[in-house]
1. Among the residues of the range 179-198, write down those that are under 30 Å from the mean Cα position of the chain (by Cα) and β-branched (Val, Ile, Thr).
2. Of the residues PHE221, PHE217, which single one is in contact (Cβ under 8 Å) with a residue 40 or more places away in the chain, surrounded by fewer than 21 Cβ atoms within 10 Å (Cβ to Cβ) and in contact with a His (Cβ under 6 Å, 6 or more places away or on another chain)?
3. Report whether or not ASN128 is at pLDDT below 95 and surrounded by fewer than 22 Cβ atoms within 10 Å (Cβ to Cβ).
4. Can you tell me how many residues within the range 424-443 are touching a residue at least 40 places away in the same chain (Cβ under 8 Å) and over 18 Å from GLU462 (Cβ atoms)?
5. Among the residues of the range 131-158, how many are under 20 Å from ARG207 (Cα atoms) and assigned to a helix (DSSP H, G or I)?
6. If you take the residues in the range 338-347 that are open to solvent by less than 10 Å² (accessible area, probe 1.4 Å) and assigned to a loop (DSSP other than H, G, I, E, B), which one is nearest to ASP59 (Cα to Cα)?
7. Name the single residue that is surrounded by the fewest Cβ atoms within 10 Å (Cβ to Cβ) among those in the range 86-119 being among the hydroxyl-bearing types (Ser, Thr, Tyr), over 13 Å from the mean Cα position of the chain (by Cα) and not in a loop (DSSP other than H, G, I, E, B).
8. Just checking, how many residues over the range 190-202 are among the acidic types (Asp, Glu) and open to solvent by less than 50 Å² (accessible area, probe 1.4 Å)?
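The values are calculated or read from the model by the stated rules, or taken from the named source; none is laboratory data. Everything numeric here is computed off the predicted structure, so don't read it as measured data. No Cβ is skipped: glycine too gets one built from the backbone with ideal geometry, and neighbour counts run over all protein chains shown. Only protein heavy atoms, including side chains, enter the accessible area calculation; ligands, DNA and RNA are left aside. Shrake-Rupley method; radii C 1.70, N 1.55, O 1.52, S 1.80 Å.
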Amino acid sequence: MARRHRRVDAEAPQSKAVKHRLTRHRLICLVALGLSVALGQAAAKRPNVLFIAIDDLNDWVGCLGGHPQVRTPNIDRLAARGVLFSNAHCQAPICNPSRVSLLTGVRPSTSGVYELNQPHHLSPVLKNAVTLPAQFKAGGYHVLGRGKIYHGRYNYPGDWHDFKTTGAARNQQWRTKPVSSVPGIGVRDFGPIDLPEEKFTDLVNSRWAAKQLERDFGKPFFLAVGIRLPHVPLYAPRRFFERHPEKGVTLPAVRDDDLGDLPPAGIEITRYMNGTPMNHKSMLASGNWRNAVAAYLACTEFVDHCVGVMLDALDASAHAGDTLVVLWSDHGWHLGEKQHWAKRSLWGESTRVPMILAGPGLAKGNCSRPVGLIDLYPTLTELCGLGAPPQTLEGHSLVPLLRKPSAAWAHPAITTFHQNDHTIRTERWRYIRYANGDEELYDCAADPHEWINLAAKPEYRETLAKLRRQLPKVNAADAPVRASGH
């Protein structure tokens, strides 16, 4: 009995150890299971993204106050339920380099993509870059889109599960009989046309997006819609012109002597459009300045209508509570300011863009910090739990500002026109440095129209020195252009 007692005593510690190991194993399994469930829930909770890209839209939207007569209730309601970045700027005042910079997260001055005919895959810096849609695709999202997201004929189908450039043919009225009376206007035509609204590409694509928002993809989605207006030709359905009769149109604020303090490089920019029918002298001579402004306002309001189609569909869908809406424009547009038309300048009319982010967990309010479109790539990858792409992202995540719009922000917005042509925008200042060394400096707090160039005044030497230090350190040579016929 004693031996048996001893055996029992000898076995007891072993039994406790076994039980302890079993209990520990069960705990580990339970923790692992819990982590697996939590990770699965986290993945399931990753927000969808409705990504709305608008072409050539400047600050003439209600929430930005760029023009007193514009009416954009849908863009304004989106701004009211998210963060409106009221000091947002493009990285290039031209379609292709601006979009390449946003979609790759790399500055034009680093990639060498400065112009329209430079697809990003030909840049030595970007040849292995992963675009933003491709990064979402690699991250497990269903990625689909319509309209103008990239610029030009390259659509990069491997970046998407479903993508088409357009949903209908672009209107070609200007090829037969231009609407406006500007001599030789061509593709830069403007005015109302009587094409049925359902034939306008932007509305076709917006309604397509609205239908997609009714679907259950079984995974989070990245839905991109590129709206072409208010890019020229400035055609919109006639009803959007009825609010803007010529005689009642308010012209933008312009000073007749505004070019007097510009350096030679700045003057050269104002002459860019002189070789086209859409230049300031031609607009004045033909009596079409107000008509062109009316057309831009009408097209902007039609764009807002298209945005409303998508927002209404989202609000009525099962995705309303878990979708991040991102709205942006690739650059601004001049309508006579500094006697310049279209884009291609380093002044505020070209660089300032609408940019709004709204969605679950984000703050509401206006953010006046200087930010750029280049900041969207790191922001969205952080918000959506995506990994880092192979290229180095040169923007900065906006998540701190999306949590608190007044948070500290140490970064200026930098826009590049061509090699060594840059502008630095802070909360107060705009500094422009051209490749030939010419400079401009504007105190945007006191001079929001950028009428008074302070660069030659000795009291601003220290300010100039600080801003010069923020210029890009890399100024890449031009990337290759696409081959003719490709």
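1. Within the range 179-198, ILE185, VAL187, ILE193 qualify.
2. Numbers: PHE221 fails: surrounded by fewer than 21 Cβ atoms within 10 Å (Cβ to Cβ).
Answer to the check: PHE217.
3. On the way: at pLDDT below 95: no; surrounded by fewer than 22 Cβ atoms within 10 Å (Cβ to Cβ): yes.
For ASN128, the condition - at pLDDT below 95 and surrounded by fewer than 22 Cβ atoms within 10 Å (Cβ to Cβ) - is not met.
4. Going through the range 424-443, the residues touching a residue at least 40 places away in the same chain (Cβ under 8 Å) turn out to be 424-427, 430, 432, 434-436, 438-440.
Then drop every residue that is not over 18 Å from GLU462 (Cβ atoms), which leaves 425, 434-436, 438.
Of the residues in that region, 5 qualify.
5. Residues meeting the conditions: 0.
6. By that ranking, first place goes to TRP347.
7. THR110
8. The initial filter retains those residues of the range 190-202 that are among the acidic types (Asp, Glu), namely 194, 197-198, 202.
From what's left, open to solvent by less than 50 Å² (accessible area, probe 1.4 Å): 197, 202.
Of the residues in that region, 2 qualify.
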